[in-house]
Amino acid sequence: PVDQVLVAAQEIARLYYREGQERSALHARRIGRLLPPATVAAADVEALTRIVEDEPRVMRNGLIEIYRVVDAPGGPGDLAFLAGVGSANLPKGQLPPSADRLAARVAASGTEQEQQDDLPGGGVLLRTAVPLAGPGLPPVGVLVVSHYLTPEVQSWALQATAAYESYQGLRVLQTPIQGIYQSVFLAVSLLILISATWLGLYLAKRITRPVQMLAEGAKAIGAGKYDLHLEAE
């Protein structure tokens, strides 16, 4: 059941991505509740860093970024990066794509949003951004939490997806391929049938012809023709 194996592999890859995205969302909501909006509005970087500095140990492969909304009396305004901490397992010497655009969209809409960013050297950041504000108030900042998937996991997921898509393309040729095989089997069957029939007739002729000649010779002797000579084959 190749199709079942490929569908299962693709579904496992999809669920793994979904689980990573949900993990980043859960961390973002939990950490967002720990960050006081007043501290974010006051741009107290030291206080914010103390709150989130231990979170990478819990997340293992995680990245936390805090933004503040600048001069936004009637709208979201611009964003200023305040603080960021990351796990030790994140790739060294490889800058992740900026989360500024995602944070700006969240600041403008005031709602939680998700995004997947591919890293230049391989791997994926599954990001979730949540607004930082009191109930019914416009956002004073945005928290972006990213969960890192290694290049190996990304490669396996892409291979599963590519294999599934390739198999689906081959399934279109299933009926023509079956027709080719059936034609080959039919041709071989007819060849065997014709060969067996010819061989049967040939062997039968090898047996019946001498008997027929013997019968004709006996009949000739009975008629008095004693000079008849039969040549044995």
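The values are calculated or read from the model by the stated rules, or taken from the named source; none is laboratory data. The structure displayed is predicted, hence computed values, not measured ones. As a convention, Cβ positions derive from the backbone with ideal geometry for all residues, glycine included, and neighbour counts pool all protein chains shown. Just so you know, the surface numbers come from the protein's heavy atoms only, side chains and all, with ligands and any DNA or RNA stripped out. Shrake-Rupley method; radii C 1.70, N 1.55, O 1.52, S 1.80 Å.
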Q.
Out of the residues in region 110-136 meeting the condition of being of a type in the set (A, V, I, L, M, F, W, C) and in a strand (DSSP E or B), tell me which one is nearest to Q21 (Cα to Cα).
A. L126
Q. Considering region 162-203 alone, what residues qualify as being open to solvent by less than 100 Å² (accessible area, probe 1.4 Å) and either more than 45 Å from the chain's Cα centre (by Cα) or β-branched (V, I, T) (or both)?
A. I177, V184, V188, S195, A196, T197, L199, G200, L203
Q.
With the structure loaded, tell me whether L6 is part of a helix (DSSP H, G or I) and under 38 Å from the mean Cα position of the chain (by Cα) or whether it fails that test.
A. yes
Q.
Residue under question is G141, and the condition is that it be in contact with a Lys or Arg (Cβ under 7 Å, 6 or more places away or on another chain) and either surrounded by 10 or more Cβ atoms within 10 Å (Cβ to Cβ) or at negative phi (or both); does it hold?
A. yes
Q: Select, from V58, V45, the only residue that is over 30 Å from L158 (Cβ atoms) and free of Cβ contacts under 8 Å to residues at least 40 places away in the same chain.
A: V45
**Q.** Residues satisfying the stated conditions in region 100-128, i.e. touching a Ser or Thr at 6+ places or on another chain (Cβ under 7 Å) and open to solvent by less than 20 Å² (accessible area, probe 1.4 Å)
**A.** G123, L125, L126, R127, T128
Q) Restricting region 29-68 to residues that are among the β-branched types (V, I, T) and under 39 Å from the mean Cα position of the chain (by Cα), which is surrounded by the most Cβ atoms within 10 Å (Cβ to Cβ)? A) I66
Q: Check off (1) more than 27 Å from A157 (Cβ to Cβ); (2) modelled with pLDDT of 85 or more; (3) of a type in the set (D, E, K, R) for D71 and give me the number that stays unchecked.
A: (2)
